[in-house]
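Below is a structure I'd like to ask you about.
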Amino acid sequence: MTEKKVDNVFLNSSEDAVVILDQTQLPGKEEYLTLSTVEEMYEAILHLKVRGAPAIGICAGYCMYCLAKQIKTKDFDGFYRELSGYRDHLNSSRPTAVNLSWALKRMDKVAVDNKERGVDEIVRLMGEECRKIQEEDIAMCREISRLGLTLIKDGDGILTHCNAGPLATSRYGTALGPLLLGKEQGMDFKVFADETRPLLQGARLTSYELHKAGIDVTLICDNMASIVMKNGWVQACFVGCDRIAANGDTANKIGTSGVAILAKHYGIPFYVLGPTSTVDMSCPDGDHIEIELRDPEEIKSKFYEKPMAPEGVKCYNPAFDVTDHDLITAIVTEKGICRAPYGESLKKLFDPIS
Ligand code: MRU
């Protein structure tokens, strides 16, 4: 049986490995990779072969299921010891996107809650749980797309940063979801995609996805956002998120906070679109979000024919930054649109009667 390649992350037919579309090969090549060992899984997440907060969470769920199946012992304590080792290793691959630890915790909870039911049953239930994570993500994308679409109108210019489309999630995506849904309904938007230095998710992935969907997309360098806003070409900014703190401060791809500051200057609404799985109520504010630091070579030499900086020069390469909540017009989740004060509106998502 061959696998149906509709998703970017899925189980192989014998359900002992995770298959991912290797995002580092796009837009040139659509290549699928099969991940069987914890090292292959760790490496795929670390090197952004699978990336985007929700997609990382989905992948982590499937990884835990496949790894659980590989554990030989039927003794719960031995099983759980090995499983915890895999969980902690995968969790250390990327620190900022909360969806990774969120999915790992969900899978872990299945084991702990069903301790008395035996290892075989735990593994079966873990299989159900990882599929549920992906199904929920598909439903989440649809709802965020629907709600996000209510914030814009036909013909609007939308600026986006990084990639929060189908590749980063399941199906529609978050920040790109309303644009794809609108297109299906006959609406036309003019999208400006920041290239998103240094890993070029905007150029490689967002412009690829939107162009393929027949959406009018114009690729710009990150430092061109200001001029397109000043020209009056942008009516809203739509971005994704990797972790939303309880006060609304939001971590997303490096450069996002600069876009938000520009948007405020030009009076353009700035919307964050993301699932409630990205809201971390245990994190009080942006100062408590760990920012992933990456290899300086991503700035100095990656994607260039030859190095573009002197050897030995110091580099600072944070993968994310935090947008202050007061720069955010609204946060669009699958459970509703939150507005300031975010401390209250985000809390209501989890506890509607509070
Ligand atoms: O480093 P990346 O490419 O994983 O960063 C991705 C982003 O910043 C996305 O905007 C975010 O994960 C939301 S994806 C729906």
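The values are calculated or read from the model by the stated rules, or taken from the named source; none is laboratory data. The structure displayed is predicted, hence computed values, not measured ones. Ideal geometry is used to build each Cβ from the backbone, glycine not excepted, and the neighbour counts take in all protein chains shown.
For segment 219-240, check the following and say yes or no: at least one residue is within 16 Å of the ligand (Cβ to nearest atom), within 25 Å of residue 300 (Cα to Cα) and in contact with a Ser or Thr (Cβ under 7 Å, 6 or more places away or on another chain).
Checked against the condition, which is being within 16 Å of the ligand (Cβ to nearest atom), within 25 Å of residue 300 (Cα to Cα) and in contact with a Ser or Thr (Cβ under 7 Å, 6 or more places away or on another chain), segment 219-240 yields at least one hit.
Now, a different point. List the residue pairs whose Cβ atoms are under 8 Å apart, where the first residue sits in segment 99-121 and is without any contact (Cβ under 8 Å) to a residue 40 or more places away in the chain, the second is surrounded by fewer than 13 Cβ atoms within 10 Å (Cβ to Cβ), and the two are 6 or more positions apart or on different chains.
114/121
If you go through segment 269-287 one residue at a time, do you hit one that is under 27 Å from residue 192 (Cα atoms), more than 15 Å from the ligand (Cβ to nearest atom) and in contact (Cβ under 8 Å) with a residue 12 or more places away in the chain?
Checked against the condition, which is being under 27 Å from residue 192 (Cα atoms), more than 15 Å from the ligand (Cβ to nearest atom) and in contact (Cβ under 8 Å) with a residue 12 or more places away in the chain, segment 269-287 yields at least one hit.
Would you confirm whether or not segment 289-299 contains a residue that is touching an Asp or Glu at 6+ places or on another chain (Cβ under 6 Å) and acidic (Asp, Glu)? If you could, list the steps in order and put the result at the bottom.
Narrowing segment 289-299 to residues touching an Asp or Glu at 6+ places or on another chain (Cβ under 6 Å): none.
No, because not a single residue in segment 289-299 is touching an Asp or Glu at 6+ places or on another chain (Cβ under 6 Å) and acidic (Asp, Glu).
Here's another thing I want to ask about it. Based on this model, can you work out whether residue 200 counts as hydrophobic (A, V, I, L, M, F, W, C), in contact with a Leu (Cβ under 6 Å, 6 or more places away or on another chain), over 19 Å from residue 271 (Cα atoms) and within 12 Å of the ligand (Cβ to nearest atom)?
Judged against the criteria, residue 200 is not a match.
List every residue pair whose Cβ atoms lie under 9 Å apart, where the two residues are 6 or more positions apart in sequence or sit on different chains, the first residue falls within segment 178-197 and is in contact (Cβ under 8 Å) with a residue 60 or more places away in the chain and hydrophobic (A, V, I, L, M, F, W, C), and the second residue, located anywhere, is crowded, with 18+ Cβ neighbours inside 10 Å and in a strand (DSSP E or B).
Qualifying pairs under 9 Å: none.
Follow-up. Looking at segment 112-123, can you tell me whether even one residue there is in contact with a Gly (Cβ under 8 Å, 6 or more places away or on another chain), modelled with pLDDT of 95 or more and surrounded by fewer than 21 Cβ atoms within 10 Å (Cβ to Cβ)?
No, segment 112-123 contains no residue that is in contact with a Gly (Cβ under 8 Å, 6 or more places away or on another chain), modelled with pLDDT of 95 or more and surrounded by fewer than 21 Cβ atoms within 10 Å (Cβ to Cβ).
Could you check segment 34-79 and list, in sequence order, the residues that are under 12 Å from the mean Cα position of the chain (by Cα) and among the basic types (Lys, Arg)? Let's see the steps before the verdict.
If we filter segment 34-79 for residues that are under 12 Å from the mean Cα position of the chain (by Cα), which is where we start, we get 45, 48, 50-59.
Once the filter is applied, which keeps residues that are under 12 Å from the mean Cα position of the chain (by Cα) and among the basic types (Lys, Arg), segment 34-79 yields only 51.
Does segment 20-31 contain at least one residue that is free of Cβ contacts under 8 Å to residues at least 24 places away in the same chain, within 16 Å of the ligand (Cβ to nearest atom) and either over 30 Å from residue 118 (Cβ atoms) or out of contact with any strand residue (DSSP E or B) (no Cβ under 8 Å at 6 or more places or on another chain) (or both)?
Yes; the residues of segment 20-31 include at least one that is free of Cβ contacts under 8 Å to residues at least 24 places away in the same chain, within 16 Å of the ligand (Cβ to nearest atom) and either over 30 Å from residue 118 (Cβ atoms) or out of contact with any strand residue (DSSP E or B) (no Cβ under 8 Å at 6 or more places or on another chain) (or both).
For residue 202, work out the one condition from (1) surrounded by fewer than 24 Cβ atoms within 10 Å (Cβ to Cβ); (2) touching a Cys at 6+ places or on another chain (Cβ under 8 Å); (3) in a helix (DSSP H, G or I) it doesn't fulfil.
(1)
Taking strands (runs of 3 or more DSSP E) that do not extend beyond segment 1-117, which have at least 1 residues that are touching a Ser or Thr at 6+ places or on another chain (Cβ under 9 Å)?
Strands (runs of 3 or more DSSP E) meeting the threshold: 9-11, 18-21.
Only one of (1) on the phi > 0 side of the Ramachandran plot; (2) within 16 Å of the ligand (Cβ to nearest atom); (3) not β-branched (Val, Ile, Thr) fails for residue 118. Which number is that?
(2)
Yes or no: segment 50-57 includes at least one residue that is more than 16 Å from residue 10 (Cα to Cα), free of Cβ contacts under 8 Å to residues at least 60 places away in the same chain and within 11 Å of the ligand (Cβ to nearest atom).
no
Look through segment 298-328, keep the residues that are within 16 Å of the ligand (Cβ to nearest atom) and of a type in the set (D, E, K, R), and return whichever of them is nearest to residue 161 (Cα to Cα).
321
For the list (1) within 16 Å of the ligand (Cβ to nearest atom); (2) assigned to a helix (DSSP H, G or I); (3) touching a Ser or Thr at 6+ places or on another chain (Cβ under 6 Å), I need the number of the one condition that residue 209 fails.
Only one criterion in (1) within 16 Å of the ligand (Cβ to nearest atom); (2) assigned to a helix (DSSP H, G or I); (3) touching a Ser or Thr at 6+ places or on another chain (Cβ under 6 Å) is unmet by residue 209, namely (3).
Quick one: how many residues across segment 182-197 are within 15 Å of the ligand (Cβ to nearest atom) and surrounded by fewer than 22 Cβ atoms within 10 Å (Cβ to Cβ)?
1
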